[in-house]
1. Among the residues in segment 817-831, are any under 19 Å from ALA531 (Cβ atoms), assigned to a loop (DSSP other than H, G, I, E, B) and open to solvent by 30 Å² or more (accessible area, probe 1.4 Å)?
2. Could you please let me know if VAL357 is of a type in the set (Val, Ile, Thr), closer than 19 Å to ASN285 by Cβ and out of contact with any Asp or Glu (no Cβ under 6 Å at 6 or more places or on another chain)?
3. Restricting attention to segment 731-739, does a residue exist that is more than 24 Å from ASN852 (Cβ to Cβ), charged (D, E, K, R), modelled with pLDDT under 80 and part of a loop (DSSP other than H, G, I, E, B)?
4. Looking at segment 438-523, what helices (runs of 4 or more DSSP H) fall wholly within it and have at least 1 residues that are in contact with a Phe, Trp or Tyr (Cβ under 7 Å, 6 or more places away or on another chain) and open to solvent by 30 Å² or more (accessible area, probe 1.4 Å)?
5. Given (1) modelled with pLDDT of 85 or more; (2) open to solvent by less than 40 Å² (accessible area, probe 1.4 Å); (3) touching an Asp or Glu at 6+ places or on another chain (Cβ under 8 Å), identify the lone condition not met by LEU855.
6. Can you say whether LEU392 is open to solvent by less than 70 Å² (accessible area, probe 1.4 Å) and assigned to a helix (DSSP H, G or I), as far as the supplied structure shows?
7. Taking segment 1004-1043, which residues are in contact with a Pro (Cβ under 9 Å, 6 or more places away or on another chain), among the hydroxyl-bearing types (Ser, Thr, Tyr) and open to solvent by 30 Å² or more (accessible area, probe 1.4 Å)?
8. In segment 368-426, which residue that is touching a His at 6+ places or on another chain (Cβ under 8 Å) and under 23 Å from PRO932 (Cβ atoms) is modelled with the lowest pLDDT?
Amino acid sequence: MNVFFNLRGSIVRQMVEDRAAPEAAMSPPRRSSSSHGDSRPSTETLQRNNSSNSGVILDISALKMAEVDTEVPPLPPRYRFRDLLLGDQTFQNDDRVQVEFYVNENTFKERLKLFFIKNQRSSLRIRLFNFSLKILTCVLYTVRVTLDDPKETHGNPCHSAIIRNASWPNSAAESPEINWKLILWVTRPDPLWAIQVTVALISFLETMLITYLSYKGNIWEQLFQISFILEMINTVPFIITIFWPPLRNIFVPVFLNCWLAKGALENMINDFHRAIQRTHSAMFNQVFILFCTLLCLVFTGACGIQHLERAGKHLTLFDSFYFCIVTFSTVGYGDVTPQIWPSQLLVVILICVALVVLPLQFEELAYLWMESQKLGGNYSRHRAQTEKHVVLCVSSLKIDLLMDFLNEFYAHPRLQDYYVVILCPTDIDIQVRRILQIPLWSQRVIYLQGSALKDQDLMRAKMDDAEACFILSSRNEGDRTAADHQTILRAWAAKDFAPNCPLYVQILKPENKFHVKFADHVVCEEEFKYAMLALNCVCPAMSTLVTLLVHTSRGQEGQLSPEQWQRMYGRCSGNEVYHIRLCDSKFFGEYDGKSFTYASFHAHKKYGVCLIGVKREDNKSILLNPGPRHIMAATDTCYYINITKEENSAFIFKQEEKHNKSLSVAGLYDAPSRLPVHSIIASMGTVAIDLQNPDPPEETSKLTLPTENGAGSRRPSIAPVLEIADSSAILPCDLLSDQSEDETNQSDEEGSVGSDFVKGYPPNSPYIGSSPTLCHLLPQKAPFCCLRLDKGCTHNSFEDAKAYGFKNKLIIVSAETAGNGLYNFIVPLRAYYRPRKELNPIVLLLDYPPDNHFLEAICCFPMVYFMAGTIDNLDNLLQCGIIYADNLVVVDKESTMSAEEDYMADAKTIVNVQTMFRLFPSLSIITELTHPSNMRFMQFRAKDCYSLALSKLEKIERDKGSNLAFMFRLPFAAGRVFSISMLDTLLYQSFVKDYMIAIARLLLGLDTTPGSGYLCVMKITEEDLWIRTYGRLFQKLCSSSAEIPIGIYRTESHMFSTSESQVSINVEQGEQHRDRKESWKEKTAHRNSSASEQSEHPLLRKKSMQWARRLSRKNTNKPSSRAERISQQRLNLYRRSERQELSELVKNRMKHLGLPTVGYDEMNDHQNTLSYVLINPPPDTMLELNDIVYIIRSDPLAHMPEESQMGQSRSTRNQTHFVSETRDETHL
C-alpha cells in the first residue's frame, strides 16, 4: 500500500507542477531577485515536497478540491500542438532514448567480414592479392623444376644416397624400375624454400580467416570443400618443414594451386563488375571458364607427368607440356610418351576428367549461345558512341513490317551508315531470322529480345545514345485499345530512360493520342485512315496520291514497259516533298520579294518543280498555298514536289532556240514545241534538268483555238501571273463553279438543300486532341431518333434512303463499330470550304449500333445517318440506298484483322466486295485491307490476261528492289483499294523530313491552319480542252484563282482480254489486227487528244498485247478467226445471262422491301477503263477529256474582309448557342 500511495503521490505532484508552470509563466515574477521569469516551481518547493515523508497526504491537502472538480487542467506543454510549433524548453528536457541501429555490424567479426567479403572494393583487392599468391606459387614451382636435377646430390643425406644408387634405364624398351624416392624427394634450394614457406604461411592464414568468417554452423561443410583441401595440401607441408628441417626437400604438389587461381580469378571478375556497376554477358563468362579449365588441365598434366617421369624417362617440363597438348587435341604423334605406370595412370585420370568436365562446359556454352541468339546479345557501348543507331520497339515483328521499315529507312543516302536495333519481347520469327542473315541486313540490323519496360533491355539497346526511337503498335491484335495501352507504356518507359532521345510513336485509336503528346512525332492510324477514305469520295484516288508521296522512289518503276501509261505513271510516282530555304535555293532564290503564286508558276514552268507551301522563319506553322498576297522572303522555307531534292540536281542551261516568227495567229503564248521539255533523269540520286526558254511568258500573249469548222474564231486568253498580288485581279477560276457561295443570294433549289445550314465549329468532339475545323452544321442538334435511316420517328416517317429524296449521291461507310475515328471521316466531308450544293449524304452502315457519345458528336452535322447492318446482307444494302450511292467505303473490321494465317485476315472483306462488284458494277467501291499484298484479289478476273501481265510486272519490280511493286495493280492505281500499313512510311520518313506529318495532315484536312489552303479537284470538260497542256493549265489557275495544281487523275478506256483464246491471237495477222483496231477506236471515241497521239495508239495497243502474251507465256494452239468470234459470242451470251440473273435477284429483293426498282443500272460498269495518278507531271503533258486535276486552293477566309468575318462569326455564335451546353461531354 505504501508503494501505491507513493506512486500516486508522485503522479499528483507532477500534475501540480505541470499546472503551475503555465500560471507562473503568465503572471509577473514575485521575486525581484530572480534573474528571469522561470515558470517552473522553486527549488525550495521541490526540496520540501521531496523531503516530506507523508508527501501523499500533504500534496492532497494542498490541492483545492473544488477547483479540481470544476476545472479541467490544461495539457502539459509537451503535449500541446501550439507548444510543439512554437517550441518549449520543457520539451528539450524530456527523457528521450537514443536508439542505435545495426549494432551487430560493430563487432570485430562483422568488421572483418565487411572488409574481406561484403564490401565490393575491399573484397576485390583481397581476391586480387590471393590470385597473385597462387600465380606466384605456380611460378616458384616452375623455377624449382627448372633448377632440379635428379642425378645431383644436394641437401638431405638421406635421399643423396638414394640418388647415387639409382639406376637409369638405357633405352625405352627396357622396363625401368620405379625409384619412389625420386618421386617423394626433390632438390629445393634454401632461398626458394624460404619464399615458398612464406607464401604458404600467408595463404594458410588467409584461408583460415576466410573459413572462420564464412562459417554458417556446419564445420564439416567448410572443411570438406575442394578449395580448402587443396589449400591444406599446398600449405601445411611447408609449415611443417619449419619445425622439422629434414622434410624441407619433400615434394609438395604446388602446381595444384592453378585450380585455386582459377577460382580466385572468377570471383575477382565478378567482384570487379559488381564494383563498377556493370554487367558482363554470360557468354563471355562461360568462354572464360572453359579457357581456364583447359589451361588448368594442361598445366596440371604437364607438371604431374614431368614429376612422375623423374623416376622413369626424365622429361623436361616443355616435353610434358608438348605431350599434353598433343594428347588433348587427339592428335597423338607418339614421339613423347610416359614410361612408368604412375605417369601413365595420371594420363588416364586426366583424360577421364577431361571427358567429364569439358563436355559439360561445352554444353553450357552451346546452351548460352543458343539463348544469346534468341535474346540477340547486346549493342556495345563503344559502337553506340562511335556509330549512329536507331531503336525499333515493336510487340511482334512480322516480315512485312520489317521490310517496309528497312526499305524506307535505308532508301535515304545519309542513313546508309546507321544501325537499326530491334527490341522485341517475342522470339525472333524464322522468316525474320532468314532476312536478317542476308549480308545486306546482317551488318546493319541487330535483333534484341527484350522489353522496352525494362531498363536493362533499354541499356542493352543503348537507348540513351540512340538517334531516334520508333515505337510501333501491333495492328493485328484483336483488341486495338490494349495494343495502344502497350504502346503508351513503351513510350513512357523510353522517355523516362532517355529523355533526350526523339520518339516516333504510332497510335491506333485517336482517343489515346493525347497520352503521347510529348513524343516528337505521332501518327494516329485511324485519323489518317478515315480522313483519307473520306477524301477518296470527293477527290478520286487520294489514297494513292498520298501513298506515292510518302514513299521513297526514284521514278524508275515501269520504265521498261511498252505501256505508255505505265511509263508515265511510274516516272511521276518518283515525286516527293522536299524543303529548302529560299536564300539557298536555285529553284526559288530569284523570286525573293515576289508573290507565292508567281514563284510557284514560274518555278514549275522553268524547272518542273511544284511549290506547294511555305513557312515563315518566325512561325512554326506550314502554310499550303498561302495565296498571292504572301510575299516570299529570303528566310522562308519552301516546300516543293519534285523527283528529287535540289541538292541532288544538276542544271543544264541551253541557248534559246530561234523559232519561226510567222505564226498563224499573232501574239500567241508559244506553240507547244516551245514549252519547256524537262529531261528528268533519276540515276544515282541526281536529276539533270534541261532548261529551254527560261524567260517568263509575254504579258500580252493571247490564245486562239480554231473551231471544228475551221472558222478561226478567237479563243479565251490566259492572263499572266502577277509578281505582286492585285486584290481585284484574283477572281474565281472560270473553269469551276464559284465555291465562295454568297449565303444571302441563293436560288430556290439551293435553298431547299442547304438554307438551314450554318458554319461553325463542332460543339462535341468524341475524343481529346481533335483539331477544330470550321464545318457546315445544323442550327439545332438533330434528335438521336432522326439519325436512324431505316426507322421512322415522331419527327419524320422516312424508312429508306429513297424516301428522303436526296439530290446528291450517297456516301455509304461500312464499319464494324462506330469508333471515334469515324468522326474524322465526317469532318472533311462537312468542312466549310465544301459547297453546300455538293454535300453528299453520309450513311454509316454499322454492324453494331453506336453509343450515345458518338451520336452526340455527329448529331450536329447535316445529312449524316446511321443504320445497323452488314455488307453481306443484300437487304441492308438496299435499305441504306446503295443504288443511289456514288461511293461505298468498306472499312477493315477489327474482328477480322487477326487470323490463324496472317494473310487470310482479309478473306471475308475481299469476297464481300467481289460480290458487291458483281451486283452493282457501276458503284465505286473503296476498300481498306489489312495486308497490301491482298489487293491483287480486288475485282479479280481469273481469265484476264492483262491482270496476269500486271502480276508478272509486279514480280519483276519486286525483284529489282522497288518499294512500290504493288503500284501497277489496277485497283490501287485507281484508288479503289487502300491499306493503312502503306502509311507506315509516313512515320519513317519523318525521321529525315520532320515536316511530312504536318503536310499530310493539312492535305487530308485533319488540321486547319489559318491562311493555309486545302485540297480539292476540278474536272476537265470539253470547254477546257483549249488549254491543251498542263503547263498552260498551271498558268490559268495561278492567274485567275491563285490555285496550285499538283497532279492529274486520268481515266483511259482499255480493252481487257478475258478469254484464254484471245491471249493466243497472232497480232501479226492483218484481219485480226484490224478488228482489234476498230474495237479500240470504239472504246476510246470519247477521248480528246491530238491526231498524232491517236495515230500512235494502235501501235501501242499492238505492243501491249504482245507484252501481255509474252509475260503470260501461254502456249495454246492458234484458233481460226471464225472460231474466235464464236467463242467471243458465247462468252458475251454467258455474261449477259449472268448479269440478267443478278439483276433479277436485286430487283426481286427491292420489290420485296417495297423499294422502287427505277435507278438500278445493271449494265453500266467500269470494267473497260483504267485509272491512274500523275503527280506533278511535266508542263508539256497534254490534257485529256475527263481528267481530274488535284489543286490546292487558298484559304477563302484568309483574305475575307473584316466586316464579313465579323458578320459570319456573329451569325455563327447566334446559330450555335448550344455549343457551350455539350462542349464538356467528351468520351475518353
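The values are calculated or read from the model by the stated rules, or taken from the named source; none is laboratory data. Given the structure is predicted, the values throughout are model-derived calculations rather than measurements. A quick note on method: Cβ atoms are made from the backbone with ideal geometry, for glycine too, and the neighbour counts reach across all protein chains shown. Just the protein is used for accessible areas: all its heavy atoms, side chains included, with ligands, DNA and RNA removed. Shrake-Rupley method; radii C 1.70, N 1.55, O 1.52, S 1.80 Å.
1. For segment 817-831, residues under 19 Å from ALA531 (Cβ atoms), assigned to a loop (DSSP other than H, G, I, E, B) and open to solvent by 30 Å² or more (accessible area, probe 1.4 Å): present.
2. For VAL357, the condition - of a type in the set (Val, Ile, Thr), closer than 19 Å to ASN285 by Cβ and out of contact with any Asp or Glu (no Cβ under 6 Å at 6 or more places or on another chain) - is met.
3. yes
4. 455-460, 480-497
5. (3)
6. no
7. If the condition is that a residue be in contact with a Pro (Cβ under 9 Å, 6 or more places away or on another chain), among the hydroxyl-bearing types (Ser, Thr, Tyr) and open to solvent by 30 Å² or more (accessible area, probe 1.4 Å), then THR1008 is the only one that fits.
8. ASP400
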